[in-house]
1. Full extension from Asp209 to Lys316: what is 0.36 nm times the residue separation minus their Cα-Cα distance, to one decimal in nm?
2. For the residues Phe236, Phe183, what sequence is obtained by ranking on other C-beta atoms within 10 Å, fewest first?
3. Do any of Lys111/Lys309; Lys34/Lys232; Lys34/Lys125 go past 23 Å between their Cα atoms, and which?
4. With a cut-off of at most 15 other beta carbons within 10 Å, and DSSP calling the residue loop, which GluC sites (Glu not before Pro) in the stretch 73-170 qualify? Please list them.
5. Using Cβ contacts closer than 10 Å as the measure, can you line up Trp191, Trp274, Trp158 from fewest to most?
6. Just how large is the dipole of the stretch 129-317 about the Cα centre, in debye to the nearest 20, putting +1 at every Lys and Arg Cβ and -1 at every Asp and Glu Cβ?
7. Normalised by the number of residues in the stretch 129-317, what is the relative contact order in percent for Cα pairs under 8 Å and 6+ residues apart?
8. Is the shape of the stretch 183-314 best called rounded, prolate or oblate, per the rule: a/c under 1.5 gives rounded, else a/b larger than b/c gives prolate, else oblate, with a ≥ b ≥ c the square roots of the Cα gyration tensor eigenvalues?
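All of the numbers you see were taken from the coordinates with simple rules; none came from a lab. Bear in mind that the values here come from a model prediction, so they are computed numbers and not experimental data. With ideal geometry, Cβ positions are generated from the backbone for all residues, glycine too; neighbour counts draw on all protein chains shown.
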Amino acid sequence: MPEPAEKSTESNLPTYDLSKFRLKRILSNNSVRKSISLLGTFPDLSETDDAIVVFEKNAYRESDVATQPLSEESPKKPSYFSADLKVDTEFVNNIYGSYQVVPSRDLCGVKSTVIYPATDKHIEKYSICQKYLIRETPELYEKITLPYLSSSQFSLEWVYNILEHKQETERIVFEDKDPETGFILLPDLKWDGRNVENLYLLGIVHKHDLKSLRDLNASHLDLLRNLRQSAKDAIFKRYGLNPNQLRMYFHYQPSFYHLHVHINPVRNDAPGIWCEKSHMLDTVINNLELLPDYYQRATLPFVLYEGNKLLELYEKEQPVRVVVPAESESEKATVAASEEGFSDDEPEERQCKRIKLAATPEPKEVEAPAQACA
């Protein structure tokens with residue numbers, strides 16, 4: 001009989017008061033995602049420890065725009081189409097109208113994420129800055145990336161707290177406790193937990209020796225296949241989402257180095273789904289089926305931000321920020337042709353000309369006819 005889960009020791013109350021947050025600067029303001037990331041402090045806790053506060057407007061739920069017949073006397077549910085809606089008209093022109101509306105309090109929720117104390121890496125992650133694409137070969141991974149990760153990665157204590165049922169036990173959606181092929185499925189901080197349309201889950205494996213894609217080989221196929229199927233089954237059972245409408249993928253580089261998979265609906269424009277960062281779970285499984293050590297052989301591109309210390313290490317190995325002009329193919333062809341003595345001939349034609357020239361005798365000088373003396 002399985003042991004009952006250990007009761008969570010965490011408190012639902014924050015250890016900080018948001019009303020006492022003091023802003024230092026705005027890290028980013030995303031008009032598309034309707035989110036803003038702020039850097040500041042909680043002076044009542046510490047004058048020196050940085051804090052990051054992220055505000056993001058909640059996604060719309062279909063129930064929020066539901067309407068009901070006027071004759072229906074069922075209990076009123078919060079809706080944008082109700083008498084509580086405050087409307088200010090900006091303009092009306094023919095068939096077009098523009099308005100500013102303020103819905104009821106129940107529909108004005110804003111999701112907030114707090115990171116405290118925040119490290120330089122957290123600040124870098126939430127800041128807008130220049131980005132560079134790094135092409136990481138297996139050799140560069142061993143020489144630069146791995147030593148850097150070993151010395152300066154985020155603390156994984158919060159991950160182990162989840163895996164050991166010390167924190168967030170009430171948020172667990174599904175768990176397979178097998179130490180080799182098992183994992184825990186729970187909501188990502190990006191999801192408000194309310195709107196299934198905006199679902200975002202993480203599948204965190206129980207194995208502690210897997211940091212990222214680079215550590216995966218054919219011996220982990222059972223783990224990956226179990227993660228794929230069991231997560232889909234659990235999500236369908238809990239949320240009713242069609243498994244064929246889910247995307248499951250890894251990030252490289254990941255935000256924390258304990259193997260985990262991201263899961264969200266394909267119709268959801270989730271952060272981090274760009275081609276240079278995400279690797280579909282199906283593709284990863286297929287790659288390992290074709291080549292057992294694929295991720296120990298492959299070149300894996302990834303993005304680094306300006307200010308990242310890993311970027312400085314790569315800059316010492318190869319040009320990243322500075323563009324070094326490469327000699328064009330036409331310039332190479334011109335130089336080679338000048339050395340050969342011909343500019344436009346194919347190699348076979350040049351060889352034929354050499355043979356022809358070698359076989360042609362040198363012309364003899366023609367003696368001028370003798371002229372009679374007068």
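1. The Asp209-Lys316 span can extend by a further 35.6 nm.
2. Phe236, Phe183
3. Lys111/Lys309; Lys34/Lys232
4. Glu73, Glu164, Glu168
5. Lowest to highest Cβ neighbour count: Trp274, Trp158, Trp191.
6. Taking the Cα centre of the stretch 129-317 as origin, the dipole is about 380 debye.
7. Relative CO of the stretch 129-317 lands at 29 percent.
8. Oblate, since a/c reaches 1.5 and b/c is not below a/b.
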